[in-house]
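Taking it in order: structure first as structure tokens, then the write-up.
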2 protein chains.
Amino acid sequence: MRYLTSLISLLILTSCSQSAPPDWALVVHGGAGTIHASTLNAEQQAQYHQSLDEALVAGEHVLESGGSSLDAVTAAIQVLEQSPLFNAGRGAVFTHEGRNELDASIMDGRDLNAGAVAGVTVIKSPIAAARAVMEDSPHVMLSGVGAEEFARERGLEIVEPAYFYTERRWQDLQKAQQNEQKPQASLQGSKDWKFGTVGAVALDRDGNLAAGTSTGGMTNKRWGRIGDAPVIGAGTYAANESCAVSATGHGEYFIRRTVARDICARVQFAGASLPDAAAQVIQDILKPMGGEGGIIALDTQGNMVMEFNSAGMFRGSVSSRQARHTALFHK
Amino acid sequence: MRYLTSLISLLILTSCSQSAPPDWALVVHGGAGTIHASTLNAEQQAQYHQSLDEALVAGEHVLESGGSSLDAVTAAIQVLEQSPLFNAGRGAVFTHEGRNELDASIMDGRDLNAGAVAGVTVIKSPIAAARAVMEDSPHVMLSGVGAEEFARERGLEIVEPAYFYTERRWQDLQKAQQNEQKPQASLQGSKDWKFGTVGAVALDRDGNLAAGTSTGGMTNKRWGRIGDAPVIGAGTYAANESCAVSATGHGEYFIRRTVARDICARVQFAGASLPDAAAQVIQDILKPMGGEGGIIALDTQGNMVMEFNSAGMFRGSVSSRQARHTALFHK
């Protein structure tokens, strides 16, 4: 009898801990792409783990102390923007003309408020600028020198374009442009891109979701190209009623497939679970099209999803019930 | 007996003609907003009817002769871009700095290919530029001077910025800036905007959908603001599996609510009819938020929807089974 009572107690305990959502949760990514154990040595791998962990620590600190999911997303992304390892902020890839043109967006799951900047070159933290657009302008999306003027007026930190320079990304551009000279080479044909876009999704103690994404875009991009990162519904989406998503990958496919919104629409309208919806979009739709990349996602139940169809995705997660965990490759 | 046979024949005929889709269909809009019979005199109303009819004729000509929905959408929108009556191409509204910055996008329902330009100032036909981005670049969205360089390289027609000037829109800017000086006035507070964005959706004889949208954006817009028109999933969306949508209205709300994709997602995932999906989004979701505007939409069954929550929407429709019809106000 005592044995039976213990067993029942254990079952109830297990069942409760699985069904009750965590108090808060955070998932971050630092890009998806051709990321293999063979291309990163042990020291490099350790650096990626460390930077991802620092981003988790920054967001965890906000969420643990009762801060908002918006603040957690902003804090986590700013750590990754400041790291030269990732293609966002410092360490961004170079355009065809040898510039760093940065895109970012953020969305509040409570009221679907959103902000985005595209093609900015002197704003230190593009995610902070996206948030200022959301909170302090009548617009959702600002671009180019206009967005920079807005950021200046709002007192955001402005830097010299050289702040974003890293030798590694400069060499990536040189390689990309050498490949362009080869017969049959094209922007689409190159398989050498590293998709280092960064992003975060968070659930706070008040049950609110938020999502954000920040990027330098695509090495050797031209003509004022805007990718999916600043496009609400493509690279970023958050709605408490469905889910929060931040994407990384070959942006053109993510725009055409409205990836972030599509995943949340499958949850909202088709009754799919968040893991199933993410797998449908990333594996069944994007992969056959050639749309390489991945997403991170969260719902208000605290389900954390990290789905990608590339060799690897820099990623990490933490919640009130799960210690910080980071990963680079498949499984 | 003869009477009964005739009745049955009539019933079958009626039933067939209602259920079989038309061979082709086209819907156009020239913007939604505070459009009342009291604010447009008879001559002005006649001008709007005539321009909308000309757009229908251009698209009808393409579709009737077996051309593609993409060609029909492009042809219809180019008529409206060239008319000074609408806020797209010639006749576009002015930015805060007194410029015309144009946005456009187009999407192919067959393969979800898409193209968009944002913030262009010297391309005569922004919709043609959006189409060139789709068909002749590896990108989906180009912006600013980069997009203009691309258009030049592709041989698109380039004009002086003065080409887009109209006295009426210049006066709109002067009024908007005078209102800004008044206490408690804000960009969001102004109710005087005319939303004259133009767009078209088409179904061709091959059963393919397409959608396109072209605009000058919002009078007195600042900081390189990008509205919903060039954002795939917000102002424009087309997928044969669900529907084609072109939107017009207060763009910030349309981006936040991913309006075009949301309508098609309700059709695709929730099993809603196209008219119901459009009404849910435009009336039940956007209107309570203050998101004034409307959409036109089509599905492969040839269902034509023109839904708006503003006083009026310049619009027109035609199909292989319905003569050209244009309208300005409610009902």
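When restricted to residues that are surrounded by 24 or more Cβ atoms within 10 Å (Cβ to Cβ) and more than 12 Å from chain B (Cβ to nearest Cβ), the range A:286-298 contains 6.
Considering every residue within the range B:54-69, establish whether at least one is of a type in the set (S, T, N, Q) and farther than 28 Å from B:ASP299 by Cβ. No - not one qualifying residue is present in the range B:54-69.
On the given criteria, is B:ALA92 open to solvent by less than 10 Å² (accessible area, probe 1.4 Å), in a helix (DSSP H, G or I) and aliphatic (A, V, I, L, M)?
Values: open to solvent by less than 10 Å² (accessible area, probe 1.4 Å): yes; in a helix (DSSP H, G or I): no; aliphatic (A, V, I, L, M): yes.
Considered against the rule, which asks whether it is open to solvent by less than 10 Å² (accessible area, probe 1.4 Å), in a helix (DSSP H, G or I) and aliphatic (A, V, I, L, M), B:ALA92 comes out as no.
The number of residues in the range A:15-43 that are open to solvent by less than 70 Å² (accessible area, probe 1.4 Å) and part of a helix (DSSP H, G or I) comes to 2.
Residues in the range B:247-285 that are within 18 Å of the chain's Cα centre (by Cα), open to solvent by 10 Å² or more (accessible area, probe 1.4 Å) and among the aliphatic types (A, V, I, L, M): B:ALA279 only.
For the range B:224-275, residues that are touching a strand residue (DSSP E or B) at 6+ places or on another chain (Cβ under 8 Å), without any contact (Cβ under 8 Å) to a residue 40 or more places away in the chain and among the aromatic types (Phe, Trp, Tyr) total 1.
Among the residues making up the range A:277-304, those that are within 18 Å of A:GLY30 (Cα to Cα) and touching a His at 6+ places or on another chain (Cβ under 9 Å) are A:GLY291, A:GLU292, A:GLY293, A:GLY294, A:ILE295, A:ILE296. Yes or no: the range A:54-75 includes at least one residue that is of a type in the set (S, T, N, Q), more than 18 Å from A:SER319 (Cα to Cα) and at pLDDT 95 or above. No, the range A:54-75 contains no residue that is of a type in the set (S, T, N, Q), more than 18 Å from A:SER319 (Cα to Cα) and at pLDDT 95 or above. Suppose we keep only residues that are in a helix (DSSP H, G or I) and touching a His at 6+ places or on another chain (Cβ under 9 Å) within the range A:54-79. Which one would you say is farthest from A:ASP172 (Cα to Cα)? Residue satisfying both the conditions and the ranking: A:ALA72.
Of the helices (runs of 4 or more DSSP H) contained entirely in the range B:177-285, those carrying at least 2 residues that are farther than 24 Å from B:ASP53 by Cα, more than 11 Å from every other protein chain (Cβ to nearest Cβ) and at pLDDT 95 or above fall at B:274-279.
Scanning the range B:299-310 for residues that are open to solvent by less than 50 Å² (accessible area, probe 1.4 Å) and either more than 20 Å from B:TYR253 (Cβ to Cβ) or not aliphatic (A, V, I, L, M) (or both) turns up B:ASP299, B:THR300, B:GLY302, B:GLU307, B:PHE308, B:ASN309, B:SER310. Among the residues making up the range B:92-119, those that are at pLDDT below 95 and β-branched (Val, Ile, Thr) are B:VAL93, B:THR95.
The residue list B:ALA234, B:ALA323, B:ALA244 contains one member that is under 14 Å from the mean Cα position of the chain (by Cα) and within 18 Å of B:ALA76 (Cβ to Cβ), which is B:ALA244. A search for C-beta distances below 6 Å between a residue of the range A:22-44 that is modelled with pLDDT of 95 or more and any residue that is assigned to a strand (DSSP E or B) and among the polar types (S, T, N, Q), counting only pairs 6+ apart in sequence or on different chains, returns A:PRO22/A:SER319; A:ALA25/A:SER319; A:VAL27/A:SER317; A:HIS29/A:THR248. Within the range A:311-323, is even one residue modelled with pLDDT of 95 or more, among the polar types (S, T, N, Q), open to solvent by less than 10 Å² (accessible area, probe 1.4 Å) and touching a Phe, Trp or Tyr at 6+ places or on another chain (Cβ under 8 Å)? The answer is no; no qualifying residue exists. Contact map, the range A:45-65: first residue over 24 Å from A:PRO22 (Cα atoms), second residue assigned to a helix (DSSP H, G or I) and open to solvent by less than 30 Å² (accessible area, probe 1.4 Å), Cβ cut-off under 8 Å, separation 6 or more or different chains; pairs are A:SER51/A:LEU80. Scanning the range A:111-160 for residues that are closer than 30 Å to A:THR300 by Cα, more than 10 Å from every other protein chain (Cβ to nearest Cβ) and surrounded by fewer than 18 Cβ atoms within 10 Å (Cβ to Cβ) yields A:GLU135, A:ASP136.
The values are calculated or read from the model by the stated rules, or taken from the named source; none is laboratory data. Keep in mind the model is a prediction, meaning the values are calculated, not measured. Cβ sites come from the backbone with ideal geometry, for glycine too, and all protein chains shown count toward neighbours. Each accessible area value is taken on the protein alone, full model and side chains, heavy atoms only, with ligands, DNA and RNA left out. Shrake-Rupley method; radii C 1.70, N 1.55, O 1.52, S 1.80 Å.
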